[in-house]
Each structure stands twice: as C-alpha cells, then as structure tokens.
Amino acid sequence: MENILEVKDLRVSYHTYAGEVQSVRGVSFNVERGEALAIVGESGCGKSVTVRAVMGLIKGPTGEVKPGSSILYNGEEILNYNKKQWSAYRGAEAAIIFQDALTALNPTMTVGKQIAENLIIHKNLNKQEALAEATEMLRVVGIPEPEKRVKQYPHEFSGGMRQRVMIAIAFACDPKLLIADEPTTALDVTIQAQILDVISDLQKQHGTSVILITHDLGVVANIAKHIVVMYSGMIIEKGLCEEIFYQPKHPYTWSLLNAVPRLDLENKQDLVAIEGTPPDLIAPPKGCPFSTRCKYCMNICNERMPEFTSFGGEHKAACWLHHPMAANSIKESGLEFPFELGGVENE
Amino acid sequence: MSEKPVVLEVSHLKKYFKAGANAVLKAVDDVTFNIHEGETLGLVGESGCGKTTCGRTCIALYDKTDGMVKYKGQDVHTLKGKELKAFRKDAQMIFQDPYASLNPRMTVADIIAEGIDIHGLAANHKERTEKVYHYLDLVGLNKEHANRFVHEFSGGQRQRIGIARALAVEPKFIMCDEPISALDVSIQAQIVNLLIRLQKDMGLTYLFVAHDLSMVKHISDRIAVMYLGVVAELTTSAELYDHPLHPYTQALLSAIPIPDPEIERKRSANRIKLEGDVPSPINPPAGCRFKGRCKYATELCDKQVPELKEVSPGHFVACHLY
C-alpha cells in the first residue's frame, strides 16, 4: 500500500532554562493512505510533539526540529516548506483535532465563522456559501438544529458538542490526512463513543488517513490498523493492531496492556504496576529508556540502546531480550516471561 | 458483607445549590445507600452527575439540604466542637488533583504531620518525625523526601503524599475523590494497588468516587451508579457487570472500550448508543431523569420518579421497567 506520510528519524528538542529537552529522539513511521495509525504512550512520551511536527507547529525560538529529520507528505519534504506552502498544506491537506476543544476554539467568534474561515481560505467560497457549507458540516457531525447552532459561540456548547465542532472544522476542506490528538480524553465515556463513531464514519466516507493519538489502548482497539508505542521520545514497538494486543514483544507494551483493569475479566485481578517514573528528557539515559523500570533489565540495557528486532511483517520491537546473545543471561536469571522471546531476524 | 456493621448510613440525602435568582441546581437529589465496615463502595457516573458533591456532603464538607447522613449512628451534620473534631479524625479524604491539594509552601513532613499536630497524636517532636517516616514508608516514599517541597515530586508521588496525609490521623473511613484520574496509566496501577493493600492491612472503609467504571469495578465491592443527582442502580460489582438492569448502566458498560481488538469488533456492532448529552441539573426534567436519552421511555417515566427498588437480593434499581 502506498504511504501518504513517511516520517524518518524525526528529532525535536525544546530549549528551556533547565537545558535542552529532547522530546522526540529519532522517530520513524509511515501512514498508509486511507488507513488509521494509532500512537500510544504516556504523557510526556513525545506523541503530541511528533504530530505537531507533522503539522508544522513546532515554533522557535524554544522549539526546534533537528537537522537530519525528514517528513515526506506524498513524497514531498514538508520540513522545507515556506510559509505559503505551509498555509496551503495546513487545513486543506492535513488537519488536526486537539484534545481540549474549549481552548482550541476562539471564544469571540461564532462556530459558523470558525468553520467558514477554513472554507473561504482554501476553497475560495464567498461568505454566504461558506456559512451554508458550515451549517451542512454541523449537520454531518451530528449537531441538532445546525441553522441555530451555527450562529452560537463555543461557550454555548457542551464538551461533546465542542469536539464535534472541532471535527467539523477539520473535515470542512476534506483533508487527506487527519490528526486526532487525544480527541476524547476530556470527555465522558458515553460521549467518547459518539465522537469516535463520528471520526470513524467520516474516515470511511472520505477515505481519509488518520493518526490517532491516545493513552487509552481500549480506544484504539477497534479503530487503528497499525499501532506505534512510544516511550520517552522513542518508538519502542510497532506493528499491526492484533500483533500489539495479542503478541506484545516489549516489556513496556505488555505492562501497559496489563496495567488497566478490564471490564470483561474477573474482579481484583492483579494489576501490573510499572514502578518508578519515566526518565528525564533533559538528560536521557544512554541505554534503553525503560531499563530503570523494567523487571527484566540486563547489564547491556543500561549501556546501549537496543536496535529493532523484527518479528515478521512490520512487527518490530526495540528490546535486548530478543537478541540471540541474551538467551544465556535470561536462562541464568530464571525469570518467567509473559511473552515469547527471540525475533525472526536481526536487522 | 451484610454481617459487618454499617459505618456510613446515607438516607434521602439532598444537596441543592442556588444558581441565580430563580434557579436551583439539584446536585444530589434523594440518595440512599449504606457502607459497611471494611467495604469499598464505588460511586460512579459521568461528570456533573453529583458524585463528588454526594461524597463531600457525606463527610460533612458541605451542609446538607435535606435527608440524613449517619456515621456510626451519629448525624454528621449536627456534630459540633469535640465531636466534630473526632469525626474529622475518623473520616479523611483523598483528593483528585494532587497538584492543587497540597500546599506548595509546606514541606512534605509538615503536610503529613499537620493532622498529627491538630489531633495531638504525637507526644513530642521525635515521635512526630518517626510517624512521618512511618507513613512515608507505608506509601512507598522514603525518609529523604520528608524535608522536600511538593513541586519536587511527580504526580504519582504527590498522590502518595496525599494518601500519607490522610492516613496520618489513623482514620477508619476514607473518601477517595477520583484519586487516579489525574495520573498516567502506568502510575494509576501503582496507586490502586497501594489503596487495596492499605485497605487489607488497616481495615479501612472506602467511598471510592470515580468516572472510570472499569477501575471502579476493579476496586469496589459494591457500586452505585449515579445519573443527574440520583442513584440509578446499586449492587455488587460482579452483578453490575453480569446483569446490569438500568438502561443507563447498560449503555455505560457498553460504551467502555475493551483493549482487545477481536472482542471490541464484536461489541461495537451491538453497542448501545446514547444520543445527546446529560441534561442540566438546574431545573432537571420531571419524572425519570434519564427518560430523554432512554429508548424504553414510556408515559409513566414522564409523570413519576422511579423509586430505588430491590429487585433481587442486594440489587437495587430505580427504573419503571422493573
């Protein structure tokens, strides 16, 4: 399948008084045309920064996309875009839905105007046409009485309705790539189900490619084809949805899956607590970033970052446990593993 | 559970707030439940359903509008002076936001020892320090943390400090108000495991308020589902999942995604979808509060407020269907 987006060795840093925070440290992934990719990770793992770079929203002087990074959109390097090219790309080609709709929307503009803004700029519609189209968009995303609602301000909408407005803005110009940055985190579960349905329906109708960011693995189970798991600015595992859920190969992915209680399992099941906290990205560890919290940590883990081991297809994980040399050390430790060891081949 | 004595008895509790000249916000409207000793009662519902207000009124942080809350036979809203102080020592609270609930100008030792000082639980300075170290150790922190300030800690560590502060006055009953919702997934498990361990070791009773039904199911013995100020359903956590009766509970359970692609694919086809939003608790609809979003709604639901009935032993539901 053809890729709409190819991110290669993306590095993003923020310069703060405390030092350089290396938020994203060499991330590579592809998004297939018309498919949904999910980026999963805890807060501070760099997932939002990654997609902000894709939207060209890393701003100086504090933010910096490091030289050597590459983001190809339809084969074109977008990091070299000038201001005009960025404007043509943002909103029309790629659109983003933010987590907190209340802060993302302009409180002094009616929602109709905010949707129309996009249409006037990218589709050369006049004001009336754009407002009529905006009303239609509100209907599409499931807002009742769109004729009345289009003239209202964001504070007159509930949380779920605001998020629908965000979706209407994002889909107004029929983008090829939609980025949803934790679109449902601030919402209640019943509203979350509604919003995910709207996004998934629109994706199917328009054939849009989607990058969905979330920390909730339950949310992605039914939507994403591919999953990327990030930890402290790096990708530690990626693969098809089923591979990640049923055959996780990285101790972090496995722990994450078992850290949340599941509604369909027995009560008082043991939750896997991941002790400790993620490392400080001002001085990231030279070895594997998960080593200090990992039960299966070996000496090598503190010294060198593991390469990706491939498990057939696109399933890859960066963990020393799957290195052939690790076999002896694992035998000595006598630990039992909840996942199978060893890869197909080493890259 | 029924053999154990009742610790907290809430009957027909109401809490209204004034919301402008002619408007009344009915945050809690006629709520009844009991909590037994050593039990965890989960109070779950969507935002704005009144679960936090209910919890806070139960430990007399708010005055009630009507009804009765009895802690070990005493009406908590009439307590004064020494008796109130004793109740405050017995009933503690863990707050939702560990960033806002700890004083940034106090050291961790002073935060934890504040209750110890007020209730005179330490005879001298040495004993006070020892107690602080003890509780730090209990929640998985260490001695070196005692003289630091709160800004030096991560969210999970702050929540541990909040728990240590609550435990320091040797309470019997703790109201946990969304103690994990501000934390990351991997940290949530740490805190929940800690709360369960502490309950076992110290025989605590919890009122666990949260919106995350899967976490509430994990930690609670019984669960009360709230909707717009009223209890819709109250039963044991296993029964609630296996046989949810109230249409709202069914929809809520069906809306929660399960991290398993195959199961999720099957479920999504049969998902019960709720239309619309929760109505405003200011001048709420007459009759059943849920009728506007309920597919089984009849004329009766318009006219009459459903009572909380016991339909099978220990399983209460407020719906005209039963």
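For the reader, a short list of remarks on this structure follows.
- Environment charge at residue A:140 (Cβ cut-off 15 Å; Lys +1, Arg +1, Asp -1, Glu -1): -3
- Excluding same-chain neighbours fewer than eight residues apart, the lysines reachable from residue A:83 by a Cα-Cα span under 18 Å are A:59.
- Pairwise Cα distances in the protein assembly as shown exceed 44 Å in 27 percent of cases.
- Residues considered: B:144, B:39, B:307. Largest GNM mean-square fluctuation over chain B, using C-alpha springs under 10 Å, is found at B:144.
- Cβ-based net charge around residue A:218, under 12 Å, with every Lys or Arg adding one and every Asp or Glu removing one: -3
- Among B:230, B:28, B:305, residue whose mean-square fluctuation peaks in a GNM of chain B (springs only between Cα atoms under 10 Å): B:305
- Taking Cα atoms only, the orientation of helix B:185-202 departs from the longest principal axis of chain B by about 70 degrees.
- With contacts taken as Cα pairs under 8 Å and at least 6 residues apart, chain A reaches a relative contact order of 19 percent.
- Taken residue by residue and averaged, Cβ atoms of other chains lying within 10 Å of the Cβ of A:189-198 number 6.
- Kyte-Doolittle mean at least -0.5 and Cα axial length at least 20 Å: DSSP H helices in chain A: A:189-206
- Among beta bridges from DSSP that stay inside the range B:6-317, the antiparallel ones total about 60%.
- Listed by chain and number, the lysines whose alpha-carbon sits under 22 Å from that of residue B:4, ignoring those within fewer than 8 places in the same chain, are A:268, B:70, B:72, B:89, B:172, B:200, B:217.
- Shielding by partners - mean other protein chain Cβ count within 10 Å, residues of A:214-221: 5
- Neighbourhood charge, 14 Å Cβ-Cβ cut-off, centred on residue A:63 and excluding it, Lys, Arg +1 and Asp, Glu -1: +2
- Averaged over the residues of A:251-260, the number of partner chain Cβ atoms lying within 10 Å of the residue Cβ comes to 3.
- Hydrodynamic radius (Kirkwood) for the range B:6-317, which is based on Cα pairs only, to one decimal in Å: 20.8
- 5 Å-binned pair-distance histogram of the range B:89-213 (Cα, whole percent): 2, 11, 23, 25, 22, 12, 4, 1, 0
- Each peptide among A:42-54, A:101-113 gets the average number of other Cβ atoms lying within 10 Å of its residues, and from highest to lowest they stand as A:42-54, A:101-113.
- Cα-centred dipole magnitude for the range B:158-303, charges only on beta-carbon of K, R (+1) and D, E (-1), debye, nearest 20: 60
- Inter-probe distance in nm under a simple model that places probes 7 Å from Cα toward Cβ, at residue A:280 and residue A:127: 5.5
- Cysteines without a disulfide-compatible partner [chain B; Cβ-Cβ under 4.7 Å]: B:49, B:54, B:58, B:176, B:294, B:319
- Length-normalised contact order of the range B:6-317 in % [C-alpha pairs under 8 Å, at least 6 apart]: 22
Every read-out reported here was derived from the displayed coordinates using simple, explicitly stated rules and does not represent laboratory data. As the structure is a prediction and not an experimental result, all values here were calculated from the model. So basically every Cβ, Gly included, is an ideal-geometry build from the backbone, and we count neighbours across all protein chains shown.
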